[in-house]
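The values are calculated or read from the model by the stated rules, or taken from the named source; none is laboratory data. As the structure is a prediction and not an experimental result, all values here were calculated from the model. Glycine gets a Cβ as well: all are built from the backbone with ideal geometry, and neighbour counts include every protein chain shown.
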Amino acid sequence: MINSEKGFTLIEMMIVLLVISVLLFITIPNVTNQSNSINSKGCEAFIHMVEGQVEAYKMDGNTEPVTIDALVTDGYLNDEYKACPDGSAIAIDTEGKVVVSN
């Protein structure tokens, strides 16, 4: 009888798994480093957006001190936008500048 079944041997499967494992070990650290960079850039962009809303708030003639809560109450920001995408809280100082508070 001739054995005509084709398939992978155990050694071939182990080699494939080894190659896939090595590729994962190389790519996963790079992905996590890029994630941190994306979060910091997202926070910078968010701060610039809130600063624009502060200026719009002032141009509309609002004289009360600008706070995050005042921007949310008057409809300049949504309630979910009280913090950066990375979770850092933001605040508005007395000059109307948006800063990251710890």
So, first residue within 18 Å of GLU55 (Cβ to Cβ) in segment 78-102, second residue of a type outside the set (A, V, I, L, M), Cβ within less than 7 Å, six or more apart or across chains; the pairs are ILE90/CYS84; ILE90/SER101; ALA91/SER101; ILE92/THR67; GLY96/LYS58; VAL98/GLU51; VAL99/ASP93
Out of the residues in segment 29-44 that are small (Gly, Ala, Ser) and surrounded by 12 or more Cβ atoms within 10 Å (Cβ to Cβ), state the one that is modelled with the lowest pLDDT. SER40
Number of the condition not met by THR63 [criteria: (1) more than 19 Å from ASP93 (Cβ to Cβ); (2) among the hydroxyl-bearing types (Ser, Thr, Tyr); (3) loosely packed, with under 12 Cβ neighbours inside 10 Å]: (1)
Being exposed (fewer than 14 other Cβ atoms within 10 Å of the Cβ), in contact with a Lys or Arg (Cβ under 9 Å, 6 or more places away or on another chain) and assigned to a loop (DSSP other than H, G, I, E, B) narrows it down to one residue among GLY96, GLY87; which is it? GLY96
The residue that is farthest from the chain's Cα centre (by Cα), considering only those in segment 36-84 that are among the small types (Gly, Ala, Ser) and part of a loop (DSSP other than H, G, I, E, B), is GLY61
Only one of (1) in contact with a Pro (Cβ under 6 Å, 6 or more places away or on another chain); (2) at positive phi; (3) not acidic (Asp, Glu) fails for GLY42. Which number is that? (2)
In the list GLU55, GLU51, GLU44, GLU12, which residue meets the criterion of being closer than 17 Å to ILE90 by Cβ, free of Cβ contacts under 8 Å to residues at least 12 places away in the same chain and of a type outside the set (A, V, I, L, M)? GLU44
State whether the residues of segment 5-28 include one that is surrounded by 13 or more Cβ atoms within 10 Å (Cβ to Cβ) and modelled with pLDDT of 80 or more. no
Please find, within segment 54-102, the residue that is modelled with the lowest pLDDT out of those that are among the aromatic types (Phe, Trp, Tyr) and under 28 Å from ILE38 (Cβ atoms). TYR81
